[in-house]
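Beneath this line is the structure, given in structure tokens, with notes to follow.
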Amino acid sequence: GAVVSQHPSRVICKSGTSVKIECRSLDFQATTMFWYRQFPKQSLMLMATSNEGSKATYEQGVEKDKFLINHASLTLSTLTVTSAHPEDSSFYICSARDRRDGSNQPQHFGDGTRLSIL
Amino acid sequence: QKEVEQNSGPLSVPEGAIASLNCTYSDRGSQSFFWYRQYSGKSPELIMFIYSNGDKEDGRFTAQLNKASQYVSLLIRDSQPSDSATYLCAVSLTDSWGKLQFGAGTQVVVTP
């Protein structure tokens, strides 16, 4: 149980392209999903918290107009990297919290999306 | 600035030995603590989580928590080459429900 599907797993595209990444909770409902970014040899950095039916909350230093987040249903959140540039190349990982779980319970992570901007 | 600190390693451990990983955190109000294992190029996978002071054992893994010292550790017994990975310590933040702060990770290398 508690499977999070993230798609696509890998994207290679040209500079200036917008890229959409999907994060789906397959067997549970998630009122809250989180988006992380991880650069090589570094840890996961939280980008934003996505709440179903409301605007995402972005961490300091993350451009909300650059990284558009939509959480339109209890099982799907999307991250769109708009007008991507080489410096946006990174490993993007989503996680989801089961709405039935208490705040102490672990998040469930997707397999990540490796984004490479040429 | 709330922080989670880990020794980056690499921690070299002979096969069959015990690997000991440490993590300190600055947010005194943190209630939940997680250890994740991350293989190169892969997403983190949960190893253990702990809420209460003391030890928690699961198979070859033991998590230890000392809230007074703001310290959490992970022991890996009978280390195997497949345990070679980066281990991330994550701490729940008190100022926002469910948010985690990750340490930089400790690279563990188990040598045959």
- Query: Does A:Tyr36 satisfy the condition of being within 11 Å of the chain's Cα centre (by Cα) and aromatic (Phe, Trp, Tyr)?
  - Reply: yes
- Note on the structure: The strands (runs of 3 or more DSSP E) lying wholly within the range A:1-102 that contain at least 1 residues that are in contact with a helix residue (DSSP H, G or I) (Cβ under 7 Å, 6 or more places away or on another chain) and away from chain B (no Cβ under 11 Å) are A:76-81
- Note on the structure: Only one of B:Gly59, B:Gly98, B:Gly54 is over 12 Å from the mean Cα position of the chain (by Cα), within 23 Å of A:Gly1 (Cβ to Cβ), more than 9 Å from chain A (Cβ to nearest Cβ) and without any contact (Cβ under 8 Å) to a residue 24 or more places away in the chain, namely B:Gly59
- Task: State yes or no: is A:His7 touching a residue at least 12 places away in the same chain (Cβ under 8 Å), of a type outside the set (Ser, Thr, Tyr) and surrounded by fewer than 18 Cβ atoms within 10 Å (Cβ to Cβ)?
- Result: yes
- Considering only the range B:66-85, state which residues are buried (at least 22 other Cβ atoms within 10 Å of the Cβ) and closer than 30 Å to A:Arg100 by Cα. B:Val72, B:Leu74
- Query: Considering only residues of the range B:27-41 that are facing another protein chain (nearest Cβ under 7 Å) and more than 10 Å from the chain's Cα centre (by Cα), which is nearest to B:Phe61 (Cα to Cα)?
  - Reply: B:Ser32
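Computed from the coordinates by the stated procedures, all read-outs in this text should not be read as laboratory data. Just so we're clear, the structure is a prediction, and the values are computed from it rather than from any experiment. Because the Cβ atoms are built from the backbone with ideal geometry, glycine has one as well, and the counts that use them run over all protein chains shown.
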